[in-house]
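Before any comments, here is the structure.
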Amino acid sequence: MVGDGDGDGDGVIHNEYSNGLVHNSNGLIEDKIDEIRRLLGKAEGDPLKIVGVGAGAWGSVFIAMLQDCYGHLRDKVLIRIWRRPGRAIDKATAEHLFEIINSREDVLRRLIRRCAYLKYVEARLGDRTLYADEILKDGFCVNMIDTPLCPLKVVTNLQEAVWDADILVNGLPSTETREVFEEISKYWKERIAMPVIISLSKGVEAELEIEPRIITPTQMINRATGVPIENILYLGGPNIASEIYNKEYANARICGGEKWRKPLATFLRQPHFIVWDNGDLVTHEVMGGLKNVYAIGAGMVAALTNESATSKSVYFAHCTSEMIFITHLLAEEPEKLAGPLLADTYVTLLKGRNAWYGQKLAKKELSLEMGDSIKGKGMIQGVSAVKAFFELLSHSSLSVLHPEENKHVAPVELCPILKMLYKILIKREYSSQAILQTLRDETMNDPRDRIQIAQTHVFYRPSLLGHQP
């Protein structure tokens with residue numbers, strides 16, 4: 001099924017169709033499109049095809065931002081998004097969606113203009129079932145109902161969506177990336193020119209055979225499709241999807257090869273969304289997964305201590321010291337990551353889904369038996385990241401010198417919070433309450449000591465990210 005694009009058949013773009021946002025159609029916008037088209041070797045009359053794969057909150061917002069900015073230049077660019085068909089919207093969500101629609105005059109007018117309002121009335125009354133791909137066509141992401149987007153062209157057939165993509169945006173969780181891109185690779189076998197891929201995914205996996213290492217979504221994509229790594233980039237930053245779409249000021253980094261990261265940074269940059277570029281692809285990608293680990297614990301602490309500022313600050317001191325220790329294992333120049341990592345951690349702890357998940361577990365409003373894909377939130381990527389980092393840092397081939405015991409131990413032994421999160425979330429040996437016991441353990445080192453250990457010992461293991469020593 002293919003959803004209609006933005007606008008009317010006569011080619012006129014109505015501002016209401018973009019959620020009340022006014023298109024900036026000046027020469028600068030066209031110049032940016034023309035430069036990307038030139039780099040991709042697009043011929044006159046052959047539109048640039050931008051395709052989103054995965055329609056979670058950030059994946060949907062990212063494509064909607066491009067549609068808002070460039071969608072009116074239909075002779076030069078076509079934008080679409082793929083999501084799986086068949087996910088039904090329950091009545092409670094349909095009722096809430098109806099309230100959102102009627103609270104926003106611009107959205108209400110847009111749906112009436114498109115003759116799409118009646119189905120939301122019927123769903124509110126329980127006379128009709130709505131589906132996630134159906135409402136996304138009208139600008140509603142099932143994981144972010146409260147923030148209406150612009151209408152999007154939605155494709156539910158993966159082959160139809162991706163076969164001729166020039167720029168593909170990966171909005172899938174890391175746990176689904178390998179499987180979906182292995183399927184995509186079947187549709188690209190006859191391609192002469194490979195697409196450029198921008199991955200938004202922040203999860204990681206551990207590969208333990210032969211030599212232990214972290215595997216990131218960009219590496220999964222490279223392995224699955226054969227697309228050269230210089231054509232695969234990662235974009236991440238301290239941001240909340242709904243706030244970015246509502247034009248709260250934000251920044252991000254696009255990381256990867258120089259050929260594409262600089263022009264794409266310019267292409268993606270908007271007045272409220274500043275995009276910098278960086279050549280360190282894998283390290284930034286891994287750090288994006290690392291902060292999700294500790295965000296879950298932060299949510300637990302907040303819930304268990306009734307939002308105690310003191311307890312949260314104690315947790316923050318310990319978790320940041322563990323992250324600093326881990327970055328010294330993974331990065332040759334970890335100091336360069338301190339600012340971006342802390343900023344991303346900060347926003348995730350404030351308002352991210354992983355911290356929310358930790359809170360709900362601690363309050364017993366969710367259980368581990370419900371899995372890590374949560375209705376209305378999507379995939380909680382921190383759970384699989386806990387498993388990946390624990391397995392990597394406890395591997396028998398890795399050891400560091402314990403400063404007090406003067407013996408070699410697995411790196412995870414210097415990360416008590418990570419160890420406890422693994423026992424709570426993966427092994428399920430303890431309840432969420434155990435995270436507080438870890439913080440209150442009298443034998444736990446001063447966070448400063450852990451940082452000092454990291455800074456005064458040569459811990460860097462390039463092989464953990466697949467780099468050569």
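The values are calculated or read from the model by the stated rules, or taken from the named source; none is laboratory data. Just so we're clear, the structure is a prediction, and the values are computed from it rather than from any experiment. All Cβ positions, glycine included, derive from the backbone under ideal geometry; neighbour counts span all protein chains shown. In case anyone asks, the SASA skips ligands and DNA or RNA and just uses the protein heavy atoms, side chains included. Shrake-Rupley method; radii C 1.70, N 1.55, O 1.52, S 1.80 Å.
Things worth noting here:
- Simple spin-label estimate for residue 91 and residue 460 gives 6.1 nm between the two label positions (7 Å along the Cα-to-Cβ direction from each Cα).
- Summary of the geometry: the range 371-389 and the range 251-283, compared by the centres of their Cα atoms, lie 26 Å apart.
- Ranking 444, 220 from most to least accessible surface, computed with a 1.4 Å probe over the protein chains only, gives 444, 220.
- Sum of side-chain charges, residue 226 neighbourhood, beta-carbon under 12 Å (Lys, Arg +1; Asp, Glu -1): +3
- Förster radius 45 Å - calculated FRET efficiency between residue 246 and residue 430, Cβ distance, rounded to 0.05: 0.70
- Shape of the range 89-129, Cα gyration tensor, a/c cut at 1.5: oblate
- For q = 0.09, 0.11, 0.16, 0.19 Å⁻¹, Debye-computed log10 I/I(0) when each Cα of the range 314-469 counts as one equal scatterer: -0.31, -0.46, -0.99, -1.36
- Stretch gain in nm, segment residue 274-residue 258, where the contour uses 0.36 nm per residue and the Cα spacing is subtracted: 4.0 nm
- Accessible area per residue in Å² at 1.4 Å probe, computed on the chain: 43
- Among the listed values (i) 23.3; (ii) 25.1; (iii) 26.1, the one matching Kirkwood radius over Cα pairs in Å as calculated from this structure is (i).
- Qualifying lysines (Cα of each under 24 Å from Cα of residue 49; at least 8 residues distant if same chain): 32, 76, 137, 153, 186, 189, 259, 262
- Ligands, DNA and RNA excluded, the heavy atoms of residue 258 present near 110 Å² of accessible surface to a 1.4 Å solvent probe.
- Within the range 222-330, percent of DSSP bridges classed antiparallel, to nearest 5: 40
- Fraction of antiparallel bridges per DSSP, the chain only, in percent to nearest 5: 35
- With the helix formula -39500 (n - 2.57) applied to DSSP H stretches of n ≥ 4, the chain reaches a computed 222 nm mean residue ellipticity of -14000 deg cm²/dmol.
- Candidate aspartates and glutamates - alpha carbon under 19 Å from residue 363, same-chain residues fewer than 8 apart omitted: 307, 372, 429
- Estimated at the nearest 10 Å², the accessible area of residue 33 is 0 Å² with a 1.4 Å probe.
- Between residue 183 and residue 122, full extension at 0.36 nm per residue minus the direct alpha carbon distance yields a gain of 18.3 nm.
- Whole-percent carbon and sulfur share, accessible surface of the chain, 1.4 Å: 49
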